[in-house]
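Beneath this line is the structure, given in structure tokens, with notes to follow.
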Amino acid sequence: MGIGGEWQINVYGQALRVSIDMLHAFEPYDIKDVLLNSLAPLTHQYSRSEAGRIQKQAAAFFSAFEPHAMWNINVDNLPEEIGSILMGVTENSRNLNIGFRFMRFRFPHLWFEVSPLSLPEWMPGGHSNIKITSLWKAWARDGHSSGIAAYGITKDNIRMSQRSDGKPLFKIVFRTFEVVQVLQPEPLTPVPYPANIPPLTTPSSCPAAAMVQ
């Protein structure tokens, strides 16, 4: 695994490659779009015949992160029966790697709204690292109870660099996704992409997404 490497995701028994060019095509130009790219691809589930859409979805998601970024989940404010569902019961569902988050932390019955709560804050260690806290809201789609399903905050450490055209490039290095309140548990239940067809008898036995050189 190396910086700038491609991704390979295993979905429905297919190995889909997300190239560097695909990642570059989706790289946002401002922090708010980075935040949207990090959440919106988790709210649509495509079928086995829509491999191209899954690749683009993955490219949008991974474009928001450094290749080795981590995503932590904080459910300390929730009842155990709800928090344990969000945290996951298998080793892979609890894995902080963003490849596993893309495959397993998915909510096809929701859409996310995200808004920064403050201006970016410079972190120690130079002017290339910033920290930003944002408010997220999860809204139920049609077919489920209307209205807000949950809300919380994200705390993102972001590395800022420069593109070849001189414009800034933002990548999330580490995320803490805190769930403050769940009002509708059902649509906030993760629905993973299946890595294989038929499903594995032991879902945690192999990774579903990985960096490739």
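How big is the charge dipole of the range 20-118 about its Cα centre, in debye rounded to the nearest 20, if each Lys and Arg gets +1 on its Cβ and each Asp and Glu gets -1 on its Cβ?
For the range 20-118, the charge dipole is close to 340 debye.
Protection proxy ranking for 174-182, 110-118, using the average of other Cβ atoms within 10 Å per residue and placing the highest first: 174-182, 110-118. Estimated from the Cβ-Cβ distance and a Förster radius of 22 angstrom, the FRET efficiency linking Ser146 and Arg53 is about 0.25. Lysine pairs in the chain whose alpha-carbon atoms fall under 14 angstrom of each other, counting only those eight or more residues apart or on distinct chains, come to 6. Packing, taken as the mean count of other beta carbons within 10 Å per residue, orders the peptides 152-158, 15-21, 28-34 from highest to lowest as 152-158, 28-34, 15-21. Using C-alpha pairs under 8 Å with a sequence gap of at least 6, the mean separation divided by the residue count of the range 1-58 gives a relative contact order of 30 percent.
When you restrict to C-alpha pairs under 8 Å that are six or more residues apart and normalise by the size of the chain, the relative contact order lands at 29 percent.
For the pair Gln181 and Lys155 in one chain, pulling the backbone fully straight at 0.36 nm per residue adds 7.7 nm over the alpha carbon distance.
May I ask you to give the percent of accessible area on the chain that is carbon plus sulfur, with a probe radius of 1.4 Å?
On the chain, the fraction of accessible area on carbon and sulfur atoms equals 55 percent.
Report the FRET efficiency, 1/(1 + (r/R0)^6), for Leu119 and Thr90, where r is their Cβ-Cβ distance and R0 is 41 Å, rounded to 0.05. Once the sixth-power term is evaluated, E becomes 0.60.
Accessible area per residue for the chain, computed on protein heavy atoms with a 1.4 Å probe, is 49 Å².
In terms of the Cα gyration tensor, with a ≥ b ≥ c the square roots of its eigenvalues, is the range 1-75 rounded because a/c is under 1.5, prolate because a/b exceeds b/c, or oblate? Since a/c stays below 1.5, the shape of the range 1-75 is classed as rounded.
The values are calculated or read from the model by the stated rules, or taken from the named source; none is laboratory data. Remember, predicted model here, so these are calculated numbers, not experimental data. A quick note on method: Cβ atoms are made from the backbone with ideal geometry, for glycine too, and the neighbour counts reach across all protein chains shown. Note: areas computed on protein heavy atoms with side chains; ligands, DNA, RNA excluded. Shrake-Rupley method; radii C 1.70, N 1.55, O 1.52, S 1.80 Å.
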